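Any read-out appearing in this document is the output of simple, stated calculations on the displayed coordinates, not a laboratory observation. Bear in mind that the values here come from a model prediction, so they are computed numbers and not experimental data. Please note: Cβ atoms are built from the backbone with ideal geometry, for glycine as well, and neighbour counts cover all protein chains shown.
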């Protein structure tokens with residue numbers, strides 16, 4: 001995973017060296033005096049961009065002109081003293097809960113033994129139980145459909161809007177900022193709003209469909225529709241992230257390349273497919289990778305809108321894991337933790353596969 | 001003239017797109033003002049013509065404690081996040097710790113662990129330590145949403161501080177701690193504000209940790225307040241949506257402030273630089 005996203009842009013982007021130099025120049029100016037165009041860049045653009053930069057940056061690559069107090073042994077002590085809180089924090093609040101989760105999945109917990117902590121070790125029995133469960137197949141399939149459909153629409157709509165917003169028109173910065181609202185709202189707010197909009201009898205969506213003569217759709221209560229309903233809501237929530245990251249990616253493409261292509265007589269459509277899209281590849285790849293990892297773990301939206309129902313029609317691995325652990329009166333933490341860990345493995349594997357495919361395509 | 005007209009055409013299209021995108025938000029506000037008897041009207045009222053404040057009255061009467069808890073949890077998360085991430089970022093950006101790259105990478109991976117899984121691990125730990133259903137427990141769990149991001153933002157920002165500034169401090173005999181406290185932190189004000197805003201927003205919006213680690217708590221956050229509302233049998237949708245509107249206030253504040261602080265704070269990390 002590590003080598004993938006970091007080394008990839010080096011191969012795909014011919015102008016990498018230049019970009020890096022520019023980024024450093026920019027970086028040194030920023031804190032002292034925010035430059036004029038800072039106002040144009042809405043927050044999460046930078047936030048997401050920061051993540052991108054971080055991935056793209058190779059280990060050991062640093063801004064120039066840094067002093068090197070870290071070279072001496074004393075310097076190393078100081079450096080790690082500053083890092084100590086975060087290291088302890090990572091161990092206590094990431095590593096330890098994860099360890100406990102793995103431990104949960106390997107033992108046969110009951111409510112009693114959960115409190116007393118003397119549950120017998122049962123190896124992979126919980127995993128076998130989870131995979132053999134009748135819910136496993138559908139939950140896995142729903143996870144795949146939910147993730148792929150969400151990604152496809154979020155990315156396409158986000159990219160189209162990003163291209164649209166690169167033409168600077170009146171109000172464009174304000175409108176772009178407004179587009180962030182769905183991303184910033186608490187998930188429970190957006191999910192419950194969508195629940196009410198998609199209500200079979202009194203929802204506004206069915207009211208609009210009725211005006212076009214389409215009969216009421218039981219968005220949330222029919223097994224045929226519930227998965228699509230939660231997917232639609234998730235796409236809505238994910239568009240801003242894609243828009244913002246792809247927009248900053250588009251901004252990074254120098255305008256003279258477009259001008260040159262236009263001089264050569266390329267039409268707008270050709271310019272997009274032959275020039276913009278290939279140059280945007282590194283950013284697209286990272287947007288999709290982050291989207292993949294984030295969509296696989298979506299839980300709130302589905303749980304609040306349908307609880308995974310009706311009859312498991314919108315259950316994904318994340319909601320199933322939650323239901324096993326917390327959704328019933330009698331919690332089954334073991335299988336719940338097992339499903340959760342399977343989800344992590346799936347996220348890792350699909351992330352790696354994706355990076356692999358991307359790299360092969362980039363080399364070809 | 002033609003150029004001008006083209007611009008206006010784009011603006012018009014942009015407004016239409018934005019309106020479509022924000023329709024659910026408008027609908028939330030509209031429903032929050034709708035009277036109970038109009039709630040199931042077909043077709044629905046497109047504007048709150050017979051608006052009522054019933055929903056908001058219900059929120060003020062019932063949701064006060066939830067809002068207060070969310071405020072405390074949010075502020076606690078901000079404090080904890082800042083204390084842990086700022087020194088770490090200073091070290092990563094300026095002190096060249098050996099193995100710093102690995103640590104940054106771990107922070108990146110940490111962000112990708114599904115919340116449900118973290119919640120289960122936390123639940124097991126909290127149950128045996130007695131932190132379950134307490135506000136500090138929730139603050140600790142919520143901070144895991146913000147710390148990796150915060151280290152990232154601070155590191156990017158602090159890497160950009162001009163070297164001359166730090167050199168001057170060194171010449172004056174300031175040690176690393178002094179440099180951090182009296183120079184780097186004050187200069188990083190924008191990053192501090194950015195991190196605080198996002199940490200607050202995420203803690204305020206959290207549902208997974210709240211619903212697992214604070215299910216039976218005396219002090220529950222607003223996300224659970226809304227969730228209990230939805231679970232009720234006689235669903236008062238104007239009250240639910242009114243609560244949702246109020247729960248959206250921090251996001252709105254963030255967006256308004258974003259123009260001033262957040263933008264300046266994070267451009268250092270934007271792809272376009």
Rounded to the nearest Å, what's the spacing between the alpha carbon centres of the range B:205-223 and the range B:42-109? Just the number, please. 13
Find the Cα radius of gyration of the range B:54-269, compare it with 2.2 N^0.38 Å by division, and give the number to two decimals. 1.17
May I ask you to sort B:70, A:195, A:113 by Cβ crowding, counting other Cβ atoms within 10 Å and putting the fewest first? A:113, A:195, B:70
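How large is the helix-only mean residue ellipticity at 222 nm for chain B, computed as the sum of -39500 (n - 2.57) over DSSP H runs with n ≥ 4, divided by its residue count, in deg cm²/dmol to the nearest 500? Don't skip to the answer; put the middle values down first.
Numbers: 13 runs with 184 residues, N = 273.
Here the helix-only value at 222 nm equals -22000 deg cm²/dmol.
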Obtain the nm distance between the two label points defined at residue A:121 and residue A:277 by a simple spin-label model: each point lies 7 Å from its Cα along the Cα-to-C-beta direction. 5.4
Could you work out the pair-distance distribution P(r) of the range A:293-364 from its alpha-carbon pairs, with 10 angstrom bin width and percents rounded to whole numbers? 20, 40, 23, 12, 4, 0
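Stokes-Einstein diffusion coefficient for the range A:137-314 at 4 °C in a medium of 1.567 mPa s, Rh from the Kirkwood formula over Cα pairs: what value in µm²/s?
Working: Rh = 18.0 Å.
Translational D for this selection: 72 µm²/s.
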For the range A:296-316 and the range A:84-137, write down the distance between their C-alpha centroids in whole Å. 22
Report the far tail of the P(r) of the range A:131-200, meaning the percent of Cα-Cα pairs longer than 13 Å. 78
